[in-house]
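The structure appears right after this line, and notes come after that.
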Amino acid sequence: AITLAKAPFQIVNINEPWTRLTKYTQMDVEGMELFKVLEGETSDDLPASAPYDLQEVCEGRCSCATRLHYDKDGEQFVDFICSYPLTK
């Protein structure tokens, strides 16, 4: 997913693998906040994932994390996220 570089990191574009994984289309998510799309309901059995901090990316550095996210149907999946700043 490609997002704007400033908070709230709204989605600009997604690719086909992201669509297959999350079951969201470009039309579903364009302009939405990336992590609000992927957050789901947590149960008493599963604690919420710690917030993913994009401050490193805002400062021009790569950031990676493993998180629990949810697809459009509410199914949980493990997501390894690597965020990179795009520069000219």
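Things to note:
- The length gained by stretching the chain between Lys36 and Arg61 to full extension, at 0.36 nm per residue less their Cα-Cα distance, is 6.7 nm.
- A simple charge model with +1 on the Cβ of Lys and Arg, -1 on the Cβ of Asp and Glu and nothing else charged puts the dipole of segment 1-42 at about 100 debye relative to its Cα centre.
- Accessible surface of the chain, 1.4 Å probe: 53 percent of it comes from carbon and sulfur atoms.
- The residues of the chain expose, per residue, 71 Å² of accessible area to a 1.4 Å probe.
- Counting only aspartates and glutamates at least 8 places from Lys36 when in the same chain, those with an alpha carbon closer than 14 Å to its own are Asp28, Asp53, Asp71.
- Förster radius 25 Å - calculated FRET efficiency between Asp28 and Cys82, Cβ distance, rounded to 0.05: 0.65
- Highest-fluctuation residue, Val57, Val12, Val78 considered, GNM on the chain with Cα pairs under 10 Å: Val78
The values are calculated or read from the model by the stated rules, or taken from the named source; none is laboratory data. Keep in mind it's a predicted model, so treat the numbers as computed, not measured. With ideal geometry, Cβ positions are generated from the backbone for all residues, glycine too; neighbour counts draw on all protein chains shown. We work out accessible area using only protein heavy atoms, side chains counted, and drop any ligands, DNA or RNA first. Shrake-Rupley method; radii C 1.70, N 1.55, O 1.52, S 1.80 Å.
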